[in-house]
Structures are given as structure tokens and as C-alpha cells.
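Contents: one structure, followed by commentary.
All of the numbers you see were taken from the coordinates with simple rules; none came from a lab. This is a predicted model, so every value here is computed, not measured. Every residue, glycine as well, gets a Cβ built from its backbone with ideal geometry; the counts of neighbours run over all protein chains shown.
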Amino acid sequence: MISCRQCGRPVSELSSECPACGAVPAGSAPLECELHAGSQAVARCVVCGKPVCGDCATKTEGRFFCDVMAHRALAAETTVITGCASPFEADMIRENLAQAGLDIVVFSRNDFIVLFRSADPGVSDVRVRADQAEYAREILRNLALDEESRREPDRPL
Ligand SMILES: [Zn+2]
Ligand SMILES: [Zn+2]
Ligand SMILES: [Zn+2]
């Protein structure tokens with residue numbers, strides 16, 4: 001673990017960004033700003049993961065955001081309930097939460113791998129409205145339990 005140079009929170013050496021504020025940790029692989037080719041990204045937007053340089057990053061309440069104003073509102077109004085490692089998993093979660101009547105926003109960073117050919121794993125954040133977060137987490141817990149029971153071989157009672 002190292003300390004984030006922006007917020008001081010612990011960051012894994014393997015991480016391409018601080019999970020708390022989005023800052024790119026010192027010593028991590030160089031990352032280019034999505035809007036300004038040739039400019040070093042200082043952070044990734046905490047909502048969509050877009051790499052931003054010093055010119056286009058906005059810092060609000062200690063966290064970095066991209067140029068999309070709506071992402072600041074999203075960060076204030078929604079909560080990340082889970083991450084997922086593949087578009088398939090994201091779709092599955094989206095489907096299950098939508099069935100339960102929840103509004104879901106999935107931000108996939110897979111797009112950015114294509115654009116930037118970075119080594120960042122294709123992690124996506126699943127966000128729901130903050131007041132629905134508990135309910136959504138419960139649905140996901142049940143979903144995980146469901147999967148476990150399906151995977152378990154039949155045991156005699
Ligand atoms: Zn930080
Ligand atoms: Zn963003
Ligand atoms: Zn920029």
C-alpha cells in the first residue's frame with residue numbers, strides 16, 4: 001500500500017487510480033488525458049473513469065471529475081453498490097436490479113481500454129440512487145446466494 005498524493009488514503013501499488021478521489025498514484029504507468037492528447041492524466045473521473053489532465057479535471061469535495069457536469073450530480077445522488085469485471089456481469093446485475101424496479105447506471109471502463117490501450121482492467125461501477133442502495137445491495141446478496149446454491153452439487157439431506 002502507498003498513500004494517495006492527493007487525499008492521503010491508502011492505494012494499492014497495482015491500482016491505476018485512488019479509489020477515494022480518483023488521483024493517479026505517483027509512479028503508476030503514464031496515462032493520457034482523453035480530451036487532450038499528449039497531456040498527462042492526473043486522475044480518473046470517480047464516476048466514469050475517464051482519464052483527465054490538470055486542465056480539464058474538476059475537483060469537487062476532494063474528488064476528481066471529468067468535463068461532464070452530470071457526473072458531479074450523479075456522484076452526489078447515487079452510490080456505487082458493486083463493481084463488476086465484465087460487461088456480461090454488468091448486464092446481469094443491470095437486468096436483475098431493473099426487474100426489481102431500480103434505476104441503474106453502469107459505467108464501463110472497457111471502452112477506455114480500447115481508446116487508450118491501457119493495462120487497466122475492465123472494471124465497471126454499478127450505481128443506483130443513494131436511497132435505493134440498501135435495497136439494491138440486498139438484491140445482489142440474494143443473487144449471489146442463488147448462484148452459490150446453483151453451483152453446489154446436490155447433497156443428500
Ligand atoms: Zn486519493
Ligand atoms: Zn466522468
Ligand atoms: Zn485534459
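Length gain on complete extension for the stretch Ala130 to Met69, per 0.36 nm per residue less the alpha carbon to alpha carbon distance?
Here the answer is 20.1 nm.
Quick check on packing: order 125-136, 43-54, 95-106 by the mean number of other C-beta atoms within 10 Å, highest mean leading.
Put in order of decreasing packing, that is 43-54, 125-136, 95-106.
Using Cα pairs closer than 8 Å and at least 6 residues apart in sequence, work out the relative contact order for region 1-110, in percent.
After rounding, I find 16 percent.
Hey, rough spin-label estimate for Ala144 and Arg9, points 7 angstrom out along Cα→Cβ, what's it come to in nanometres?
Calculated label separation equals 1.9 nm.
Would you pull out the residues with amide H under 5 Å of Cys4's amide H, same chain only if 5 or more places away, H placed 1.01 Å from N?
It is Arg9, Val11, by chain and number.
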